[in-house]
1. Just a yes or no: is a residue in region 112-119 in contact (Cβ under 8 Å) with a residue 60 or more places away in the chain, surrounded by 15 or more Cβ atoms within 10 Å (Cβ to Cβ) and closer than 29 Å to residue 21 by Cβ?
2. Going residue by residue through region 527-534, is there one that turns out to be farther than 24 Å from residue 194 by Cβ, modelled with pLDDT under 80 and touching a strand residue (DSSP E or B) at 6+ places or on another chain (Cβ under 8 Å)?
3. In region 208-233, how many residues are in contact with a helix residue (DSSP H, G or I) (Cβ under 7 Å, 6 or more places away or on another chain) and surrounded by fewer than 22 Cβ atoms within 10 Å (Cβ to Cβ)?
4. Looking at residue 88, is it in contact (Cβ under 8 Å) with a residue 60 or more places away in the chain and crowded, with 18+ Cβ neighbours inside 10 Å?
5. Across region 564-587, what is the total count of residues that are more than 26 Å from the chain's Cα centre (by Cα), on the phi < 0 side of the Ramachandran plot and not in a strand (DSSP E or B)?
6. Evaluate the following for residue 60: is it in contact (Cβ under 8 Å) with a residue 40 or more places away in the chain, assigned to a helix (DSSP H, G or I), outside the structural domain of residue 139 (by TED's automatic domain parsing) and within 18 Å of the chain's Cα centre (by Cα)?
7. Residues of region 594-615 being at pLDDT 85 or above and under 28 Å from residue 537 (Cα atoms), which ones?
8. Return only the number of the condition from (1) under 30 Å from residue 659 (Cβ atoms); (2) in contact (Cβ under 8 Å) with a residue 24 or more places away in the chain that residue 528 does not satisfy.
């Protein structure tokens, strides 16, 4: 029975089952362990490696800044967020239903088109949610967020089985709260739902989302994609031309009045669209109830019941079983862990139980201890050194001149710790004196300290100068951007260049005047995320948003890999220089994976060597439950230390374990 099954606890949530497993995060159904123990939520758990990635954390924080304060019936609500067991997470409203893309696919299987009235109702609800987001303001400051979703498509519109409509995934939304701007050359959002102004490089506003809403409504009415072609460049040309056929010419059941609403939202010139989505919603509602007066919002529930009858029944059984779980042991375990964590923190700080340490912050973590060192050079200066984390410059200084550092430490003998003063001589009871004489010292000692500081001053300056020179040499390109000079070029000459893997080597030609002219063409990549690896002609390449420079006349292979997904491969050839093409990585198909475990008896140094998706992979043996794409593998087990080699064959099947002797 489900009640006897052991479930995983994730902080204050009990994981019930997985909904989506992605490369960067997984989404699970979970039950809240607290006063509202019957509350089911969706938890987005970021993989540990991304939870510590600065760029991903900024993106994660940007999404939270946008969504956490919003509260609207047509937007998925965020309840909670934090970090547990090294993983960032967000607890969100659990939407029991399917996305609009799943509805479209199910209807295509039945060879049925979305009913006109239900299509209008769904999009009117989307308009309400997005208009709320577009006009959302910070209640404490009164400042508008100016949110633009930028990724509206059937994938990001959820319909609950009870008939509610929810806009989800503000992950790439643009707002005033974003920590950084979008890099040039990077396409945000799905290619087929871009608006013409995006290709023109205009500043985006709420009318950008309106165009994507118009595309979605057109696709519901016509049961096909609006912008589709054999390649991405052709799709972009279609968007740029923006020649759209009214829905009624494809689906005769669409009234002409609805054509006008759709075509206004899809105007190429955004000045001709609705001023905002509230106006579009009003137009849709007026059309809906004037043309279909008998329509009721509950009709969407009946529609869902018919399309997803099997899924609804299966979920109903699951939830009844989940309700039988005895959650008290998990709550007790959570309380014990919280208590145990608190005791450890107190012990580590060296304080008595029940007493709040002075060096403890509001979260119970020890504050960074700072020692203040006084140097008397030309005048008294305070230098703060973080003893908890040594600066990189200090590490470099040690490597440059260890002896000089030892001499510099002499200065710190006159230091006093800000948290607990440690006098260099025993304290002697004295009569009450004024503050200026509170330090026990003598003229001779002050003179000696002054002499020590002066003698150490040249050496300390020499050490700091050497450190700065080292940084200027290692980070020569970065320093050149700020100061205008490049230390590496000054030492090695103008031909010294830092190697880069951004683009293949580009040919340079000379024109009639003898001037050098680039003869390259450019590839712009879109759809990449931080978990993907890019290979150009087999060479791993760093893509930082700038176009890749390619020599014409040569076919170039582009390979994009992502753990757990099938690779994306394409080739590109330019006939002449000066051309530019856009390649957008599509939504990658998850690889069909199985697990491989080997015997534990392999000697040290043994490796399994096999080929997967054109790449030779080496894994140290033994292995235990390693994910490998399904297929038959001709592999070998080698041991370079012993000089042995053995050929083996193994077969991997999806969701099955294979044991290799």
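The values are calculated or read from the model by the stated rules, or taken from the named source; none is laboratory data. Here the structure is a predicted model, which is why all the values come from computation and not from measurement. Backbone-built Cβ (ideal geometry, glycine too); neighbour counts: all protein chains shown.
1. no
2. Checking region 527-534: not a single residue is farther than 24 Å from residue 194 by Cβ, modelled with pLDDT under 80 and touching a strand residue (DSSP E or B) at 6+ places or on another chain (Cβ under 8 Å).
3. Here the count works out to 8.
4. no
5. Residues of region 564-587 that are more than 26 Å from the chain's Cα centre (by Cα), as a first pass: 571-581.
Of the ones still in play, those that are also on the phi < 0 side of the Ramachandran plot are 571-577, 579-581.
Checking which are not in a strand (DSSP E or B) leaves us with 574-577, 579.
Qualifying residue count, region 564-587: 5.
6. Working: in contact (Cβ under 8 Å) with a residue 40 or more places away in the chain: no; assigned to a helix (DSSP H, G or I): yes; outside the structural domain of residue 139 (by TED's automatic domain parsing): yes; within 18 Å of the chain's Cα centre (by Cα): yes.
When the stated conditions are applied, residue 60 does not pass them.
7. Those that are at pLDDT 85 or above and under 28 Å from residue 537 (Cα atoms): 607, 608, 609, 610, 611.
8. Status for residue 528: all satisfied but (1).
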